[in-house]
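**Student:** Structure provided below as structure tokens; questions to follow.
The values are calculated or read from the model by the stated rules, or taken from the named source; none is laboratory data. Just so it is clear, the model here is predicted, and its values are computed rather than measured. Backbone-built Cβ (ideal geometry, glycine too); neighbour counts: all protein chains shown.
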Amino acid sequence: MNTAQLKQDIIDYSKKIGIDKIGFASSDVFSELKERLKRQQSLNYQSGFEKGTIEERTEPDRLLPEAQSILSIAIAYPSRIKNAPKGTKDERRGIFCRASWGTDYHVVLRERLEKLARFIQEKVPDAQNKIMVDTGELSDRAVAERAGIGFSGKNCAIITPEFGSYVYLGELITNIPFTPDSPVEDSCGDCRKCLDACPTGALVQGGQLNAQRCLSFLTQTKGFMADEFRVELGNRVYGCDTCQQVCPKNKHIDFHLHSEVEPEPEIAKPKLKPMLKITNREFKETYGHIAGSWRGKKPLQRNAILALAHFKDRTAVEDLIAIMKNDPRPVIRGTAAWSLGKIGSEEAVKAIQEAMDKELDDQVLVEMEKGLEFQKRLRTT
């Protein structure tokens, strides 16, 4: 088998099927990553969303016993919305992170990788391939770094020379021994803009993230959001782009190369109040095709409630009162009570007081007390 020619054929084919970058890496153990993951685990910096053991995440042959190489692919996505809708005082809007603006990237990349796998299979009938996109055991970023797609920045994102960090990543493990590509030189230098800009200090140091403090992770949790993060959330409904937005490598970067990942303005920047009343069916029909829907509507509704508090939106008081009194989910009732307290109208305060007499959930009662406490402080200052 002429692997050099096959490699070139794969590169040429990848361009035809809408892959913006492709790189080839060895399937050797990711030793440095393994040590880093052990440190993350010992410090409780992991999100809990990670799949597999540390060994499975760093030893490719545990996933494909005959593994020889890993192909890494990247697809660029937009950083700006054309004709973006603007919120008004009567209709405030939230924001989904850029990685969730178009069709779910897991679907988009998997489709490209499956085409790539079929192409390889036609050329080499006994080839073994295993595809992964984000939810697999391997670290997409570690593979991409080794394959020369880009370097791992201080913001823990892969930064490519062409597209900055606005790229989706996926990989294909194979038993074909391709010549590996060379890594890209790290060029963050002394820059620490991402570390300084992180709203919650989740970037502990360059290249190390405490996921438990990362707003991107926190927007995906289902319980009550810790008080210290609620104000920092702003109007984020899902994800956080701050560390990418401030990165000098992303200045003027905005690629619109693939129709599937083009942002739908009304979904990327949704009106907040309608999100409070959305049914399961409506949620699935409206948001089911984007990556930000994977945890269901509850986290997004909670975040929308907090965003309304961020705006101190008095036009949302009636809806929030209805939720606080009638929603069957304690997290949503309690968050609504907290937000009503932040908004602070007389109607909101009175509603909290009335609802407390009927509320049976201890956590919700705590949130109601917090809501009332905001007003007590205002009256004493």
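**Student:** Considering only residues that are in contact (Cβ under 8 Å) with a residue 60 or more places away in the chain and polar (S, T, N, Q), which ones fall in the stretch 294-317?
**Tutor:** Result: N303, T315.
**Student:** Now for a separate question. I'd like to verify a number: residues in the stretch 1-41 that are more than 25 Å from R112 (Cβ to Cβ), aliphatic (A, V, I, L, M) and crowded, with 16+ Cβ neighbours inside 10 Å, how many?
**Tutor:** Qualifying residue count for the region: 1.
**Student:** Residues of the stretch 117-150 being outside any loop (DSSP other than H, G, I, E, B), touching a helix residue (DSSP H, G or I) at 6+ places or on another chain (Cβ under 9 Å) and small (G, A, S), which ones?
**Tutor:** A142
**Student:** Also, quick follow-up: Evaluate the following for R39: is it more than 30 Å from F255 (Cα to Cα), under 23 Å from the mean Cα position of the chain (by Cα), modelled with pLDDT under 90 and of a type in the set (K, R)? Show your work before the answer.
**Tutor:** Values: more than 30 Å from F255 (Cα to Cα): yes; under 23 Å from the mean Cα position of the chain (by Cα): yes; modelled with pLDDT under 90: yes; of a type in the set (K, R): yes.
So R39 passes the test.
**Student:** Then there's this: Only one of these is at negative phi and part of a loop (DSSP other than H, G, I, E, B): D28, D61. Name it.
**Tutor:** Working: D61 fails: part of a loop (DSSP other than H, G, I, E, B).
Every option except D28 fails the conditions.
**Student:** Being outside any loop (DSSP other than H, G, I, E, B) and small (G, A, S) is the filter; apply it to the stretch 151-182 and report the residue that is nearest to C214 (Cα to Cα).
**Tutor:** Across the stretch 151-182, the extreme among qualifying residues is S152.
**Student:** Using the structure shown, decide if D254 is in contact with a Lys or Arg (Cβ under 6 Å, 6 or more places away or on another chain), surrounded by fewer than 17 Cβ atoms within 10 Å (Cβ to Cβ) and of a type outside the set (A, V, I, L, M).
**Tutor:** Details: in contact with a Lys or Arg (Cβ under 6 Å, 6 or more places away or on another chain): yes; surrounded by fewer than 17 Cβ atoms within 10 Å (Cβ to Cβ): yes; of a type outside the set (A, V, I, L, M): yes.
Yes.
**Student:** Got a sec? Which of V204, V231, V237 is in contact (Cβ under 8 Å) with a residue 12 or more places away in the chain, part of a strand (DSSP E or B) and surrounded by fewer than 18 Cβ atoms within 10 Å (Cβ to Cβ)?
**Tutor:** Values: V231 fails: part of a strand (DSSP E or B); V237 fails: surrounded by fewer than 18 Cβ atoms within 10 Å (Cβ to Cβ).
Only one candidate qualifies: V204.
**Student:** Identify, please: which residue in the stretch 207-228 is in contact (Cβ under 8 Å) with a residue 60 or more places away in the chain and in a helix (DSSP H, G or I) and is, among those, surrounded by the fewest Cβ atoms within 10 Å (Cβ to Cβ)? Spell out how you get there, then give the answer.
**Tutor:** Applying the first criterion (in contact (Cβ under 8 Å) with a residue 60 or more places away in the chain) to the stretch 207-228 yields 208-212, 214, 216-217, 219-225, 227.
Remaining after also requiring in a helix (DSSP H, G or I): 211-212, 216-217, 227.
Values: A211: 18, Q212: 17, S216: 19, F217: 19, D227: 10.
Among residues in the stretch 207-228 that are in contact (Cβ under 8 Å) with a residue 60 or more places away in the chain and in a helix (DSSP H, G or I), the one surrounded by the fewest Cβ atoms within 10 Å (Cβ to Cβ) is D227.
**Student:** Do we find that P263 is without any contact (Cβ under 8 Å) to a residue 60 or more places away in the chain and at negative phi in this structure?
**Tutor:** Working: without any contact (Cβ under 8 Å) to a residue 60 or more places away in the chain: no; at negative phi: yes.
Considered against the rule, which asks whether it is without any contact (Cβ under 8 Å) to a residue 60 or more places away in the chain and at negative phi, P263 comes out as no.
**Student:** Taking the criterion of being more than 19 Å from the chain's Cα centre (by Cα), among the polar types (S, T, N, Q), surrounded by 13 or more Cβ atoms within 10 Å (Cβ to Cβ) and assigned to a helix (DSSP H, G or I), would at least one residue in the stretch 69-78 satisfy it?
**Tutor:** The answer is no, given that none of the residues of the stretch 69-78 is more than 19 Å from the chain's Cα centre (by Cα), among the polar types (S, T, N, Q), surrounded by 13 or more Cβ atoms within 10 Å (Cβ to Cβ) and assigned to a helix (DSSP H, G or I).
**Student:** Considering only residues that are over 16 Å from V317 (Cα atoms) and surrounded by 18 or more Cβ atoms within 10 Å (Cβ to Cβ), which ones fall in the stretch 331-366? Quick ask: steps written out before the conclusion?
**Tutor:** Looking only at the stretch 331-366, we keep the residues that are over 16 Å from V317 (Cα atoms), and these are 331, 356-366.
Correct list: V331, E359, V364.
**Student:** Then there is this: Test E285 against the criterion of being over 30 Å from P161 (Cβ atoms) and surrounded by fewer than 20 Cβ atoms within 10 Å (Cβ to Cβ), and give yes or no. Walk me through it before giving the result.
**Tutor:** On the way: over 30 Å from P161 (Cβ atoms): yes; surrounded by fewer than 20 Cβ atoms within 10 Å (Cβ to Cβ): yes.
Spelling it out, E285 is indeed over 30 Å from P161 (Cβ atoms) and surrounded by fewer than 20 Cβ atoms within 10 Å (Cβ to Cβ).
**Student:** So, one more: For the stretch 320-342, give me the residue count where each residue is over 16 Å from L233 (Cβ atoms) and either touching a residue at least 60 places away in the same chain (Cβ under 8 Å) or touching a Lys or Arg at 6+ places or on another chain (Cβ under 6 Å) (or both).
**Tutor:** 2
**Student:** Could you tell me whether S47 is outside any helix (DSSP H, G or I), at pLDDT 95 or above and either over 18 Å from I173 (Cβ atoms) or touching a Gly at 6+ places or on another chain (Cβ under 8 Å) (or both)? Reasoning before the result, please.
**Tutor:** Working: outside any helix (DSSP H, G or I): yes; at pLDDT 95 or above: no; either over 18 Å from I173 (Cβ atoms) or touching a Gly at 6+ places or on another chain (Cβ under 8 Å) (or both): yes.
Criteria not met by S47.
**Student:** Restricted to the stretch 79-102, and to residues that are of a type in the set (V, I, T) and surrounded by fewer than 18 Cβ atoms within 10 Å (Cβ to Cβ), which residue is nearest to the chain's Cα centre (by Cα)?
**Tutor:** I81
**Student:** Is one or more of the residues making up the stretch 94-106 touching a Leu at 6+ places or on another chain (Cβ under 7 Å), over 30 Å from F311 (Cβ atoms) and in contact (Cβ under 8 Å) with a residue 24 or more places away in the chain? Before you say what the answer is, go through the steps one by one.
**Tutor:** First pass over the stretch 94-106, keeping only residues touching a Leu at 6+ places or on another chain (Cβ under 7 Å): 94.
Imposing the further condition that a residue be over 30 Å from F311 (Cβ atoms) reduces the set to none.
The answer is no, given that none of the residues of the stretch 94-106 is touching a Leu at 6+ places or on another chain (Cβ under 7 Å), over 30 Å from F311 (Cβ atoms) and in contact (Cβ under 8 Å) with a residue 24 or more places away in the chain.
**Student:** With respect to L109, is the statement that it is more than 21 Å from the chain's Cα centre (by Cα), at pLDDT 95 or above and either of a type in the set (A, V, I, L, M, F, W, C) or farther than 24 Å from S182 by Cβ (or both) true?
**Tutor:** Values: more than 21 Å from the chain's Cα centre (by Cα): no; at pLDDT 95 or above: yes; either of a type in the set (A, V, I, L, M, F, W, C) or farther than 24 Å from S182 by Cβ (or both): yes.
The answer is no for L109.
**Student:** If you take the residues of the stretch 323-380 that are outside any helix (DSSP H, G or I) and of a type in the set (G, A, S), which of them is nearest to the chain's Cα centre (by Cα)? Full working, then the answer.
**Tutor:** Our first condition is that a residue be outside any helix (DSSP H, G or I); within the stretch 323-380, this holds for 327-329, 344-345, 357-361.
In the following step, the residues that additionally are of a type in the set (G, A, S) were identified as 344-345.
Numbers: G344: 32, S345: 34 Å.
Looking at the filtered set, the residue picked out is G344.
**Student:** Of the residues K154, K130, which single one is over 22 Å from G207 (Cβ atoms) and among the basic types (K, R)?
**Tutor:** Working: K154 fails: over 22 Å from G207 (Cβ atoms).
Checking each option against the conditions leaves just K130.
**Student:** Given the criteria surrounded by fewer than 19 Cβ atoms within 10 Å (Cβ to Cβ), without any contact (Cβ under 8 Å) to a residue 60 or more places away in the chain, among the charged types (D, E, K, R) and assigned to a loop (DSSP other than H, G, I, E, B), does E185 qualify?
**Tutor:** On the way: surrounded by fewer than 19 Cβ atoms within 10 Å (Cβ to Cβ): yes; without any contact (Cβ under 8 Å) to a residue 60 or more places away in the chain: yes; among the charged types (D, E, K, R): yes; assigned to a loop (DSSP other than H, G, I, E, B): yes.
In short, yes.
**Student:** Identify the single condition in (1) touching a helix residue (DSSP H, G or I) at 6+ places or on another chain (Cβ under 7 Å); (2) modelled with pLDDT under 95 that K325 does not satisfy, given that it satisfies every other one.
**Tutor:** Tallying (1) touching a helix residue (DSSP H, G or I) at 6+ places or on another chain (Cβ under 7 Å); (2) modelled with pLDDT under 95, K325 fails exactly one: (2).
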